1. State whether one or more residues within the stretch 83-104 are touching a residue at least 60 places away in the same chain (Cβ under 8 Å) and within 17 Å of Gly148 (Cα to Cα).
2. Quick one: Lys21 ticks every box in (1) assigned to a loop (DSSP other than H, G, I, E, B); (2) among the basic types (Lys, Arg); (3) open to solvent by less than 40 Å² (accessible area, probe 1.4 Å) bar one, so which box is it?
3. Within the bounds of the stretch 27-36, is there any residue that is in contact with a Ser or Thr (Cβ under 7 Å, 6 or more places away or on another chain) and loosely packed, with under 14 Cβ neighbours inside 10 Å?
4. Mind telling me which of the residues Tyr109, Tyr71, Tyr141, Tyr116 ends up being within 13 Å of the chain's Cα centre (by Cα), closer than 21 Å to Lys12 by Cβ and of a type in the set (Phe, Trp, Tyr)?
5. Residues of the stretch 1-17 being out of contact with any helix residue (DSSP H, G or I) (no Cβ under 9 Å at 6 or more places or on another chain) and open to solvent by 30 Å² or more (accessible area, probe 1.4 Å), which ones?
Amino acid sequence: MDALERFIVEAKAVTYMAGKKAAEVPSRLGAKDIPYEKGPYRYLDSHFGGTDFLGQEVVWHDETPVWAMNYYGRIIDPERFDGERAGTVIKQALSALYQEKRFLGGFAYVHPLGEYLDDAAGDYRSFIGTERILVDGRLAYRLDYQGGMIKR
C-alpha cells in the first residue's frame, strides 16, 4: 500500500466516519464540506443533499489534485428504511472496512438494521462500485461510486 492509498483510508476514517463537522463556509453554495489535511496531502469530501445525496472526494498532493471519487446515494424503500438508519449501518460497516486498511469493496457487514454489501472493480487508481443495504433481503439503499487517479 502506498502513501496516497494510506492517506485516503485515513482521511475517510477521520472525517465522515468520526462525525467530523462540515466546514462553516462551504466551497460551493449549498454544499457540506468535510476537510482533512496531513503532511503534503489535503482531502475534501463535498456533498449535497441528505437522504438522497451527491458528492465528490478529492485529494491534493502539494496543491495538485491527484485523486478523486464521485458518488450518488439514495433511499430506495423509504417506507421501510430512512437516512438515519442508513447512516447508522454505513458508519459501522465502513468502520469495520477501514480497520482492514482499505476502502474498496468485496465487503459485507451484517447489522441489526440491515445487511451492508459493497462490490467494486479495480483498485484506488481506477475503480467503480456499488454500496447497498438490504432489509429483510430487499434493497433499501444504494450508492454508486467511481473514481481514481487524476493525471495531467
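The values are calculated or read from the model by the stated rules, or taken from the named source; none is laboratory data. None of the values given here were measured: they were computed from a predicted structure. Neighbour counts are summed over all protein chains in view; Cβ atoms, including those assigned to glycine, are modelled from backbone coordinates with ideal geometry. Heads up: the accessible areas ignore ligands, DNA and RNA and are worked out on the full protein's heavy atoms, side chains in. Shrake-Rupley method; radii C 1.70, N 1.55, O 1.52, S 1.80 Å.
1. So far as the stretch 83-104 goes, yes, one or more of its residues are touching a residue at least 60 places away in the same chain (Cβ under 8 Å) and within 17 Å of Gly148 (Cα to Cα).
2. (3)
3. yes
4. Answer to the selection: Tyr71.
5. Selection gives Asp2, Ala3, Glu5, Arg6, Val14.
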